[in-house]
Amino acid sequence: MPSSFTNTPLPTLQDRQQQLQTALDHCQPVLRAVCPNAHRRYRADAPPITGNQHQIREFSAIEKPVHAVFNEANHLNAERGLPLNWYRYVQPEGATYFYNPISRVVTPSNVVKQDILAFIQRSYDTLMELVKAKGRELPVTSETYLEAQCETELCECRYYFVSHSARVPFWAEDVSTEALGLEAVANPEHLKSMLLPEYWLHVEHFPMHNLLPLEAEEELIGVLAHGLVDDKTAPTSTTPYSAKEDKHFLEALRVMKKNMVTMQHDGYRLCTVARLWLMIARTRHVNAYGLQAPRLDRLQSIGSLEGQEISRILEYLSNTLLLGVPKATFKRLRSLWHGRIVYQRHWQALFEDIRREWIHSGVLALGIWIANVGLLYVTPARTVSRDLATISCGLSVTGVLLSSVLYKLHTEDQLSGAYAITEYLIRVESYDYGLQPLSVMLSLPYTFALWAIFTFSVALVVAMSQYLGSFSLTTFLVTMTCGGFPILFLFSATAFFSGQSGPIGVGAGGMRWIGRSIGNAVRQLVGRPINSNRF
């Protein structure tokens with residue numbers, strides 16, 4: 001039977017390379033304005049290193065590296081296969097790029113290949129014609145970024161300019177922020193605030209041929225020193241780094257500055273300065289630093305939570321069935337998610353506290369389960385105490401399982417960075433109710449452990465009452481010691497500390513009345529004034 005499909009062999013890697021080379025040789029370059037963050041250095045898989053065996057030329061392995069030579073004759077480049085006036089550099093992370101000091105062009109594209117070099121040259125000529133047609137000249141402190149993109153038969157050249165004096169990227173034509181993948185801006189100052197991180201990102205990616213701006217390093221030291229004090233004295237500071245991180249960064253900068261005091265042309269030092277400035281500039285932009293209405297405190301809202309409501313159903317369940325436990329968690333989540341800005345150190349501290357609470361809840365629930373097994377063993381069948389112990393067993397097992405599952409889903413590796421935390425919060429956030437459902441889910445292990453303790457205590461009271469028989473003073477003291485007093489002191493402690501932020505909160509009317517009564521009695525004993533409006 002004839003097949004309706006032809007047996008066409010798949011194109012080989014050599015065929016694909018030949019197609020791209022043909023496209024590079026014949027296509028007219030299409031210029032595309034991009035931002036420095038459009039570079040896919042961390043988003044593409046590293047290709048495998050392949051090649052054929054060849055003879056190693058004598059002494060070639062001990063010659064001076066190319067990136068260490070800046071003003072030597074161009075024939076050294078020719079010996080290494082580099083085109084005229086082009087130099088090869090290796091960024092501190094290991095990425096290779098090329099720079100032409102004559103045309104001030106930097107590119108990650110491999111200009112050693114003649115077809116790519118010719119395409120970059122044609123793209124540069126086209127770009128300069130565009131600049132000339134606009135009646136403009138490039139500043140002497142600027143450089144041009146070009147990158148050949150030939151994923152299909154249509155080749156394009158991504159470009160942007162950067163000004164080292166103004167510390168901003170710019171373009172040869174009008175381009176919208178939407179086309180660049182950037183947010184809308186309100187005024188020129190806001191635009192410059194948004195473009196400053198893009199400049200430092202470019203410097204971080206291509207630092208080896210540039211001079212270190214000493215004034216930027218000195219200002220960075222002052223910013224980090226102020227951030228160290230600010231983080232220590234203001235818990236809700238908007239500084240991007242913690243005091244401990246600022247101390248480490250300052251020490252690293254001082255060591256670099258001391259060891260390289262006469263070396264302004266040092267790529268490692270410049271890359272370090274640029275990376276630290278990048279995070280500072282991004283944080284300043286989202287907090288409107290230097291603008292008309294800056295965000296001076298992390299708890300200041302910038303309107304991003306407007307429109308979200310609090311579910312009355314979830315609030316009622318939280319205050320009754322869940323014993324008010326999610327309330328404190330929800331308050332802390334909202335305080336950290338103002339403006340949907342993630343400060344990594346604060347969120348990691350929160351998740352660390354929650355993971356520690358899950359461990360304690362799981363261990364507590366496991367202990368209650370063991371105690372319930374013992375109680376089931378000694379109590380007769382078809383009794384109220386046995387039924388309560390069975391319920392407590394189910395609650396404690398559920399608490400253990402929830403603690404284990406949630407801990408597994410919220411490991412430190414999965415929430416290790418600001419981007420990972422942001423993606424997590426966007427994924428779990430409710431459109432209508434924000435992070436309120438998340439606070440309920442995160443509080444379930446602790447809630448089940450509390451209910452397991454409560455039902456076990458009641459089962460123990462009932463079992464002791466049945467065991468001792470008729471009522472007497474001894475029966476009352478024994479049953480209260482075994483189960484009654486733990487329950488009463490649990491809720492009295494809740495009432496006593498109700499004015500402080502904590503994991504426990506009780507909303508059931510009867511239990512609240514008990515806690516209020518005993519809590520007021522304890523307050524009178526310790527001399528703390530009674531606030532009648534608190535309940």
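The values are calculated or read from the model by the stated rules, or taken from the named source; none is laboratory data. Predicted model, so just to flag it, every value in this text is computed and none were measured. Cβ placement follows ideal geometry from the backbone for every residue including glycine, while neighbour counts extend to all protein chains displayed. With ligands, DNA and RNA removed, areas are computed over all heavy atoms of the protein, side chains included. Shrake-Rupley method; radii C 1.70, N 1.55, O 1.52, S 1.80 Å.
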Just grab the label-to-label distance for R136 and E219, each label 7 Å out from Cα along the Cβ direction, in nm (one decimal).
-> 2.2 nm
Per residue of the stretch 159-173, in order, report the coupling 6.51 cos²θ - 1.76 cosθ + 1.60 (Karplus, θ = phi - 60°) as ³J(HN,Hα) in whole Hz, putting x for Gly and Pro.
-> 8, 6, 10, 10, 9, 6, 7, 8, 6, 8, x, 8, 9, 8, 8
Modelled FRET efficiency - R0 56 Å, D230 with L317, Cβ distances, 0.05 increments | 0.90
Accessible area in square angstrom per residue, the stretch 100-255, 1.4 angstrom probe = 49 Å²
Inter-label distance for V428 and D115, nm, one decimal - labels placed 7 Å from Cα along Cα-to-Cβ | 4.9 nm
Burial ranking of peptide ranges 440-448, 318-326 (average Cβ count within 10 Å, highest at the top) | 440-448, 318-326
Sequence ranges 199-210, 376-387, 233-244, ranked by mean other-Cβ count within 10 angstrom, highest first = 199-210, 233-244, 376-387
Over the stretch 91-160, what percent of the accessible surface lies on carbon and sulfur atoms, probe 1.4 Å?
-> 52 percent
By per-residue mean of other Cβ atoms within 10 Å, what is the highest-first order of 292-299, 219-226, 268-275, 327-334?
-> 268-275, 327-334, 219-226, 292-299
Where labels lie 7 Å past Cα in the beta-carbon direction, separation of V384 and V363 in nm | 3.5 nm
Accessible area of the stretch 231-291 belonging to carbon and sulfur atoms, whole % at 1.4 Å probe | 59 percent
Pairwise FRET efficiency - A179 versus I102, Cβ, R0 = 35 Å, nearest 0.05 | 0.70
